[in-house]
Amino acid sequence: MTGSVASVSAGAFERITRRRGRVRGRRQTSWALVALFVGPSLALYVLFMIVPFIGTLQLSLSAWDGFAPEKTPVGLANYQALLGDEDFWRALSNNVVWAVIGTAAPIAIGLALAIVLWSGAGFRTGFRAIYFLPVILPVVVIGLVWGWIYNPLFGVLNTALEAVGLDDWSRGWLGDPDTALVAVLIAAIWSTFGFCVVMFLAGLQGIDLNLVDAAKVDGANAWQRFRHVLLPGIAPVFTFVLTITLVGAFSVFDIVYVMTRGGPGTATETMAGYAYKMAFNRNFAGYGSAISMVIAIISLVLAVALLRFRERGRTR
Amino acid sequence: MTAGGIAVSRPADRVRRRRNLAFAVAKYAFLGFWALLCLLPMILIFSTAFKDPTIETGNPFQLFSSVRFENLVDAWTLGNFGRYFMNTIVIMVPVVLGVVALSMLTGYALARFAFPGRSLLFFGFVLGLMIPFFSLMIPLYYNLRDYGLLDNPLAVILPSIAGAGGTGLPLGIFLMRAFFLDMPDELADAARVDGCDELGVFTKVMAPLALPGASALAVLAFMSAWNTFLLPLLYLSGEDSRTLATGLLLFTGGRTQELELTAAGTLIMIAPVVLFFLLFQRQFIRGLTAGAVKG
C-alpha cells in the first residue's frame, strides 16, 4: 500500500522534473539489455539497407558487368554519360509527368470525396472501405485488370466507346505511344485516390467543428471556409500525402513494369525501370547504379524539402 | 404577426427542401460514381474467374455469362497457384512476425531505455523511410549472391524485414516508439516496485499494452509482404519459388488465353487481402494515419 503510493509520487516527481521520453537523470540501461532489444534490428537494417545503399554509391562510380572479379573505378563517368543519354531524359521527363498528374489527380479527387463524406453522408465507413479497396490490391492485379480494360479487341473501354458511337476513339491504349503513359497513369490514380480519401478524412475529423460554425456565423462562404478553416486544419496530412505521392512518383516501377515493361519503345519508361533494364538485362551494374543514385537524391531532396516546409508551417 | 410569418415562410421552405433534395441527389451521385469505379474492376475479376471456357465463344469480358466453380480448383492445381500460394505464405509469416517482434523491442528501447546515442539511432532507422528500394536493388542482388541466398525465400524475407520493400523496421520502429512514448511512466514504476526487472517490465506490462499498436503494424506488414513484387522478381527467379505476385505476372499484358484461370488465380491472390482488410479495417486505417494526423 505504502509502496504503491511512494511509486506514484515518485513517478509524479519524475514527470515534473523531466519531459516524458527524455532520459536525463535516469540511470543508464545496461548495455546487455540494449543489445538484446536493438541488436537484431540494427544487424538486419545495416546488412540489408545501409550496406547496399553504400554499395550503390560505390558502384555508381565504377564500371562493372556483375561478374568480373574487379570493379573498374571510373569516377563520375557514369553520371556524365547520363547527361547525354536521350533514353534517360525521356525516363526522367516521364517521371516528372507522373509526379504532376499522379499527385494532383488523386489529391483533388481524394480531397473532394473526403470533404463530401465529412460534411455528412450516410454509409460513410462503407464508402471509405470501397474507395480503399483498390489501394490494398497487389500491383500485379491492378496491372492485369487494367490490361483487360484496355484490351484492344474486347476491352471494356473500347466496347463502351463503340456502344456510344465513338468507334474512332477506340484503340490499343497500351500499345499506342501517344496514350500508353496516360493509360498507365489512370490505372495508378485509380489505385491511389482511396489512400488520399482515408488520410484527408482522418485529418478533417480532427478539425474543431466550432471553428467551422464560427466561420459560418461570421459570414464566410463555402470557399472561404475551405480555404481558411479546413485547409489549415488538414495541412499536416496534406503535406504528408503530398510527400508520399511526390516522392513515390520518382521511383515508380511496379505498375509500369506489369502493364507495358516501359514500352512501346520508351513511351512509358521511368528512371527505375531504366535502372532495372540497364543493371539486370544489359549487365551495366555501374550505369544502373548511377541512375539509382539519381532517384535516391531526388527522393531525399524532395522529402527533406517537404518536411522543412511542414515544420515551418507548424511553428507559424 | 406570427401566423403571417409562417404563411410567408412556407413557399420558401418548399424551395429549400427541394434544393436540399437536389443537393443530396448530387452528393450521392458523386460518391456513388467513384464507388462504382472502384468496384467495377473487382466485379470484372469475379465474373471472369467463374467463366466456363467450354461454352464461351464471344466477348470474354461479358459479365456473368456463365458460371463454373471448378476454375478455382484448376487454377490451384493446373495453374500452379497452389504452389505460389504456399511460397507466398512461407515469405509472409516470418516477415510479419519479424517486423512486429523486432519493432516492438527496438521501439521500446528507443522510447524508454536510457543510453547514449539513442536519438542518433532513432534518426538512423527513420532515414530508412526515405531510401527508395531502387537505390539498394543492384548491390543487394550481388550481396545476396555472395551470401548464397539467391532463390532462397530468405532473400526476400530478410530485406523485407529490414525495410527494403514496403512496411519494415523503419516504419515499425517509428510507430511502436511513438506508442511506447505515450504510455504512462507510473505503470512501469509500479511493476518495478513489485519486483520486476527491466525485461519483466517489458514482457509482462508494456508489451501486452502495446498490442493494439502491434496489431495495426501487423496488418500493414501482412499487406505489404503479401503484395511484394519486385523483391521476388529480382531475387527469387526460379520457376519453383515464384510467389503469387510473380506467378501472376506470367499472365499479364492483356493476354486473353486461359483468361478464366488467370482470373481465378487473381481471386486466390486477393481473397485473403480483401478478407483481412474487411475484418481489420480499423487497425489498418489506424496504422496508416498514425504518423500523419498528429504531425
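Only a single criterion out of (1) more than 7 Å from chain A (Cβ to nearest Cβ); (2) more than 25 Å from the chain's Cα centre (by Cα); (3) modelled with pLDDT under 90 is not satisfied by B:Tyr147, namely (3).
Report yes if A:Ile297 is of a type in the set (A, V, I, L, M, F, W, C) and crowded, with 18+ Cβ neighbours inside 10 Å, otherwise no. Spelling it out, it is not the case that A:Ile297 is of a type in the set (A, V, I, L, M, F, W, C) and crowded, with 18+ Cβ neighbours inside 10 Å.
Regarding A:Tyr45, is this residue facing chain B (nearest Cβ under 8 Å), buried (at least 21 other Cβ atoms within 10 Å of the Cβ) and more than 30 Å from B:Tyr141 (Cα to Cα)? No; evaluated as a whole, the condition is false for this residue.
Highlighted here are the helices (runs of 4 or more DSSP H) found entirely within segment A:34-134 that include at least 3 residues which are modelled with pLDDT of 90 or more and under 25 Å from A:Ala183 (Cα atoms): A:86-118.
How about segment A:216-241: which of its residues are outside any loop (DSSP other than H, G, I, E, B), surrounded by 17 or more Cβ atoms within 10 Å (Cβ to Cβ) and of a type in the set (A, V, I, L, M, F, W, C)? Of everything in segment A:216-241, those that are outside any loop (DSSP other than H, G, I, E, B), surrounded by 17 or more Cβ atoms within 10 Å (Cβ to Cβ) and of a type in the set (A, V, I, L, M, F, W, C) turn out to be A:Val229, A:Leu230, A:Val237, A:Phe238, A:Phe240, A:Val241.
To keep it simple, each residue is scored yes or no on (1) basic (Lys, Arg); (2) within 20 Å of A:Gly39 (Cβ to Cβ); (3) in contact with a strand residue (DSSP E or B) (Cβ under 7 Å, 6 or more places away or on another chain).
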residue	(1), (2), (3)
B:Leu97	no, yes, no
B:Leu105	no, yes, no
B:Arg112	yes, yes, no
B:Ser119	no, yes, no
B:Pro132	no, no, no
B:Asp146	no, no, no
B:Leu149	no, no, no
B:Leu154	no, yes, no
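Among the residues of segment A:117-138, those identified as surrounded by fewer than 20 Cβ atoms within 10 Å (Cβ to Cβ) and farther than 25 Å from B:Phe222 by Cβ are A:Trp118, A:Ser119, A:Gly120, A:Ala121, A:Gly122, A:Phe123, A:Arg124. All conditions in (1) touching a Gly at 6+ places or on another chain (Cβ under 9 Å); (2) crowded, with 17+ Cβ neighbours inside 10 Å hold for A:Thr72, with the sole exception of (2). Do we find that B:Val273 is under 26 Å from B:Glu70 (Cβ atoms), at the interface with another protein chain (Cβ under 10 Å from one of its Cβ atoms) and surrounded by fewer than 21 Cβ atoms within 10 Å (Cβ to Cβ) in this structure? So B:Val273 passes the test.
Given the criteria among the hydrophobic types (A, V, I, L, M, F, W, C), more than 21 Å from A:Thr243 (Cβ to Cβ), surrounded by 23 or more Cβ atoms within 10 Å (Cβ to Cβ) and modelled with pLDDT of 90 or more, does A:Val141 qualify? Reasoning before the result, please.
Details: among the hydrophobic types (A, V, I, L, M, F, W, C): yes; more than 21 Å from A:Thr243 (Cβ to Cβ): yes; surrounded by 23 or more Cβ atoms within 10 Å (Cβ to Cβ): yes; modelled with pLDDT of 90 or more: yes.
Judged against the criteria, A:Val141 is a match.
Within segment B:38-58, is there a residue that is at pLDDT 90 or above and either over 25 Å from A:Leu144 (Cβ atoms) or out of contact with any His (no Cβ under 8 Å at 6 or more places or on another chain) (or both)? Yes, segment B:38-58 contains a residue that is at pLDDT 90 or above and either over 25 Å from A:Leu144 (Cβ atoms) or out of contact with any His (no Cβ under 8 Å at 6 or more places or on another chain) (or both).
The values are calculated or read from the model by the stated rules, or taken from the named source; none is laboratory data. Being a predicted model, the structure only gives us computed values, none of them experimental. We place every Cβ from the backbone using ideal geometry, glycine too, and count neighbours over all the protein chains shown.
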